[in-house]
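Structure, as structure tokens:
The values are calculated or read from the model by the stated rules, or taken from the named source; none is laboratory data. Note that the structure is predicted; figures quoted are calculated from it, not measured. Here the Cβ positions follow ideal geometry from the backbone for every residue, glycine too, while neighbour counts run over all protein chains shown. What goes into the accessible areas is simple: the full protein's heavy atoms, side chains included, and nothing from ligands, DNA or RNA. Shrake-Rupley method; radii C 1.70, N 1.55, O 1.52, S 1.80 Å.
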Amino acid sequence: MNIPFLDNWLKRHADQEAADPAAETDPERAAGIAELLSECELLRVRASRLGLELDDTPESLAALDQLPPRWRDDPEELPWVGNDAGLYLGTVIVRTVPGAVWHIWPGGHPVVRLPSGREIGVVDAGLEWAVNGAPELSQVYAEAAEA
């Protein structure tokens, strides 16, 4: 899923990246991307309404897995909740797995890159979770933490 609010930012930085391949490792830029992707506002609001405070920990992923999937009743909201769930999963991985970083593909698709070089399509995992309940977010996290 393409993330529209990243489009303008990516366009502005495309020339810089082409000229400077090390731009991805720029700490200021990485922090800005991480902050932007960590918002997950829709998911945080829905979880809060159900009494769950998302605190960017692995335990909160397990708690999300246990929520009743009421978002499945709204076909318009479903992909957005899934997108946010994937971004939240990525946020937890990046903040708790040493060496894990966000990577944005040129088309705007965010993935989490682990120190091993393996990339996790967290948005795809979040969408699958929102639609089917599997894979559980906590399971994707556990696999990332082991890698």
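When the solvent-accessible area of segment 32-78 is split by element, carbon and sulfur atoms take up 48 percent of it, the probe being 1.4 Å. Accessible surface for segment 64-124, divided over its residues, is 45 Å² per residue with a 1.4 Å probe.
Applied to segment 87-99, the Karplus parametrisation 6.51 cos²θ - 1.76 cosθ + 1.60 on θ = phi - 60° returns per-residue 3J(HN,Hα) values of 5, 5, 4, x, 4, 5, 4, 4, 7, 10, 9, x, x Hz, with x for Gly and Pro. In loop segments of segment 44-147 as defined by DSSP, the GluC sites (Glu not before Pro) with at most 12 further C-beta atoms inside 10 Å of their C-beta are E53, E76.
For segment 92-147, the Cβ-based charge dipole about the Cα centre amounts to some 220 debye (Lys, Arg positive; Asp, Glu negative; other atoms uncharged). Only one residue of A85, P106, I33 has its Cα farthest out toward the positive end of the dipole of segment 15-126, where Lys and Arg carry +1 and Asp and Glu -1 on Cβ, and that residue is A85. Taken about its Cα centre, segment 18-134 carries a charge dipole of about 220 debye when Lys and Arg each add +1 at the Cβ and Asp and Glu each add -1 at the Cβ.
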